[in-house]
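**Q** Let me begin by handing over the structure; questions about it come next.
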Amino acid sequence: MKKSSTALVSMIMASVLLAACGNNNNAGNTAGNTGGNTAPASEAPAASNASGDEAANQDISGTITFLTNRTDMIGKEYDDYAKRFKEKYPNAEIQFEAITDLDKTTKIRMSSGDFPDVVLIPTIPNSDLPNYFAPLDDLGLTDKIYFKDFKSYEGKLYGISVGATTTGIVYNKKAFADAGITELPKTLDEFYAASGKLKANGVVPLASNFKDQWPLYPWASEIPTSIAGNANLNNERINSDEPFQMDNAYGQGMSILRTMYEKGYLEPDVNSTNWEQSKKDVASGKFAMFMIGNWAIPQVASSGTTSDNVGFFPLPYDNSGKVNVTLAPDWAYGVNKDSKHLATAKAFVKWMLEESGFDEFGGFIPVIKDKEPAVPQLQEFNSFNPVTLEAVADDPQVTDVVNKAQITKEAMVQEFVLAKDPQSVLDKYNKAWAKAKKDVAK
C-alpha cells in the first residue's frame, strides 16, 4: 500500500463521510443500487474485438462461482444478488459457496489448482498473486479505489478490497442517555468518566470479548497507529530491537484497556463472554460499547435493536481533543486466472463493488473513493473531524519477523492487561522480537 499524505486522505474521507446519506437500512436490504460510480456496461471486461454495450454484455456469459465467508447470506441476500446480476447480464449466472474457515480452506483449494472463479484472497505473499489470479486493471477502477497497492505485484492489480473500515466506539445510545451521558466524550478523561456513569447505572461499559481474543486487535494495531499519527508504525518496528515500550504508542494504547479493566469497566468476568452473545448484550443495553470496526454496526443493529439506537464515535485516546483514525481494507476479491469465464468473473467483481449494495449490508465504507457510504453512523463519526490515516501494506520483512517470533498481537494484549507487571510482558515480546529479527537477517 502506497503511503499517502495524511492531509490528503483526511480531505478525501471528510468529503466521502460527510456526504453519507441517512438511509437507515442496516438489515441489508440490497435490492437497490447504493449509488456512486455506475460505469456503463461497455466498461466491463470484454473480448478485444467487442464493441458497444451489446457486444460486451454478450461476452459476459456462463456460470461462475464465488467462494465467500458470509454463510449468513446464503439463501438470503445472495439470492437477490444472483437475480440482479442476471438481470444486467442475461447470459451469465452466479453461484455462491460459503465456508467458515475461509483462509485455510481457500489456500488448500488453490494449492490443488481447482478453486472457484472468484474468491476472497487468502494470506499469501503478493509475489504469489500472479500464480493464481488475473490482473484487474482492465476494470477501470485502479485509480479510483483505496488500497490499490495492497494486493498488487510489479505494477499490476490482483485484488480489490470488498470495503474499507475504520475503528471506533460502537455504542448503545439509550444506555448512554439512561446513564445521564448528554455529550459524547472527546477526551480520554471524559471517556473514563462516561464509563463510570455507565457502571454506576448497572451497565457494563465496554465489551472487550477478552476470551475470544480476536476482538482485541485494535488495542495493539489501530489504536497505537492513531496515537503515533503514523500509518507506517507497524512496519517501522523493523528499525528497533525493542519496539514495545510503556511510554510509546503500543504501551499507551494497551494501557487504556488495562485501565478499563482495573476500574471494573469491562465484563465482570472477562473470560466468560463471547462475540455473538455480546452483540445481543450491546443491542439490549446490558453492555454499552465495543471498540471495533464500523462493519459491526449493522450486526449490532440486527441483534435486537434498531439502527438509530446504535452510534459510532472515535476513541479519544488522550486529552488533546483531537483524534487520528485508521482506514483499513477488508478481504479482497480475486479472480481465478484460469476461470473458463474470465470476463464474467471480472464483471461480477465490478458489479459487487459498484451496484450490489454489499458495502451497506456489511457496514463498510465503500472502497471506491467517490461512492457515498450508506451507513448513517459514519456521519456521526466524522462529526468529530478525525484525521484519517490510510493503512499501508505490511512489509514482508516485518511479517517474517512476526511469524518467526510467533507474536500474536491479541495474545500480547491479553497478557499486558492481566499481568501484575505489564513491563515484564513487553520485555518478553521485545526479547522474542529481537531474536527473530536477528534470525531473519541471517
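The values are calculated or read from the model by the stated rules, or taken from the named source; none is laboratory data. Note that the structure is a prediction, hence the values are computed from the model and not measured. Positions of Cβ are backbone-derived with ideal geometry, glycine not excepted, and every protein chain shown enters the neighbour counts. We work out accessible area using only protein heavy atoms, side chains counted, and drop any ligands, DNA or RNA first. Shrake-Rupley method; radii C 1.70, N 1.55, O 1.52, S 1.80 Å.
**Q** Which count do you get for residues in segment 271-297 that are touching a helix residue (DSSP H, G or I) at 6+ places or on another chain (Cβ under 7 Å) and more than 24 Å from residue 225 (Cβ to Cβ)?
**A** 6
**Q** Something else: Tally up the residues in segment 196-224 that are among the polar types (S, T, N, Q) and in contact with a Leu (Cβ under 7 Å, 6 or more places away or on another chain), please.
**A** So the answer is 1.
**Q** Tell me whether segment 227-239 contains one or more residues that are closer than 17 Å to residue 167 by Cα and touching a Gly at 6+ places or on another chain (Cβ under 8 Å).
**A** Checking segment 227-239: at least one residue is closer than 17 Å to residue 167 by Cα and touching a Gly at 6+ places or on another chain (Cβ under 8 Å).
**Q** State yes or no: is residue 76 basic (Lys, Arg) and either at pLDDT below 95 or closer than 19 Å to residue 339 by Cβ (or both)?
**A** Criteria not met by residue 76.
**Q** Inspect all residues belonging to segment 150-167 and state whether any of them is at pLDDT 95 or above and closer than 19 Å to residue 319 by Cα.
**A** Yes, because at least one residue in segment 150-167 is at pLDDT 95 or above and closer than 19 Å to residue 319 by Cα.
**Q** State whether the residues of segment 206-214 include one that is closer than 22 Å to residue 380 by Cα and more than 24 Å from the chain's Cα centre (by Cα).
**A** No, every residue in segment 206-214 fails to be closer than 22 Å to residue 380 by Cα and more than 24 Å from the chain's Cα centre (by Cα).
**Q** Among the residues of segment 274-289, which ones are among the polar types (S, T, N, Q) and open to solvent by 20 Å² or more (accessible area, probe 1.4 Å)?
**A** 274, 277, 284
**Q** If you take the residues in segment 179-197 that are open to solvent by less than 30 Å² (accessible area, probe 1.4 Å) and among the aliphatic types (A, V, I, L, M), which one is nearest to residue 353 (Cα to Cα)?
**A** The qualifying residue nearest to residue 353 (Cα to Cα) is 188.
**Q** So, of the residues in segment 42-67 that are over 20 Å from residue 121 (Cα atoms) and at pLDDT 95 or above, which turns out to be least open to solvent (accessible area, probe 1.4 Å)?
**A** Ranking the qualifying residues of segment 42-67, first place goes to 60.
**Q** Scan segment 150-178 residue by residue and report those that are in contact (Cβ under 8 Å) with a residue 60 or more places away in the chain, open to solvent by 20 Å² or more (accessible area, probe 1.4 Å) and assigned to a loop (DSSP other than H, G, I, E, B).
**A** 150, 151
**Q** Out of 370, 318, 395, 338, I need the residue that is of a type outside the set (Lys, Arg) and either in contact with a strand residue (DSSP E or B) (Cβ under 7 Å, 6 or more places away or on another chain) or within 26 Å of residue 183 (Cβ to Cβ) (or both). Which one?
**A** Step by step, each of 370, 318, 395, 338 is checked, and only 318 is of a type outside the set (Lys, Arg) and either in contact with a strand residue (DSSP E or B) (Cβ under 7 Å, 6 or more places away or on another chain) or within 26 Å of residue 183 (Cβ to Cβ) (or both).
**Q** I'd like to know if segment 243-250 contains one or more residues that are within 22 Å of the chain's Cα centre (by Cα) and either open to solvent by less than 30 Å² (accessible area, probe 1.4 Å) or not β-branched (Val, Ile, Thr) (or both).
**A** Checked against the condition, which is being within 22 Å of the chain's Cα centre (by Cα) and either open to solvent by less than 30 Å² (accessible area, probe 1.4 Å) or not β-branched (Val, Ile, Thr) (or both), segment 243-250 yields at least one hit.
**Q** Another question about this same structure. Tally up the residues in segment 393-423 that are surrounded by 23 or more Cβ atoms within 10 Å (Cβ to Cβ) and not in a helix (DSSP H, G or I), please.
**A** So the answer is 0.
**Q** Looking at this structure, is residue 390 closer than 21 Å to residue 126 by Cβ and either open to solvent by 50 Å² or more (accessible area, probe 1.4 Å) or among the charged types (D, E, K, R) (or both)?
**A** Answer is yes for this residue.
Residue-by-condition table, conditions (1) touching a strand residue (DSSP E or B) at 6+ places or on another chain (Cβ under 9 Å); (2) more than 22 Å from residue 364 (Cα to Cα):
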residue	(1), (2)
136	yes, no
144	yes, no
152	no, no
157	yes, no
160	yes, no
166	yes, no
176	yes, yes
188	no, yes
191	yes, yes
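**Q** Every residue in segment 68-123 that is more than 28 Å from residue 150 (Cα to Cα), open to solvent by less than 40 Å² (accessible area, probe 1.4 Å) and not in a helix (DSSP H, G or I), please.
**A** Once the filter is applied, which keeps residues that are more than 28 Å from residue 150 (Cα to Cα), open to solvent by less than 40 Å² (accessible area, probe 1.4 Å) and not in a helix (DSSP H, G or I), segment 68-123 yields 89, 92.
**Q** Can you tell me how many residues within segment 124-149 are touching a helix residue (DSSP H, G or I) at 6+ places or on another chain (Cβ under 7 Å), modelled with pLDDT under 95 and exposed (fewer than 15 other Cβ atoms within 10 Å of the Cβ)?
**A** 1
**Q** Any idea which of (1) touching a residue at least 24 places away in the same chain (Cβ under 8 Å); (2) more than 23 Å from residue 418 (Cα to Cα); (3) surrounded by 15 or more Cβ atoms within 10 Å (Cβ to Cβ) is the one residue 233 doesn't satisfy?
**A** Going through the list (1) touching a residue at least 24 places away in the same chain (Cβ under 8 Å); (2) more than 23 Å from residue 418 (Cα to Cα); (3) surrounded by 15 or more Cβ atoms within 10 Å (Cβ to Cβ), residue 233 breaks only (1).
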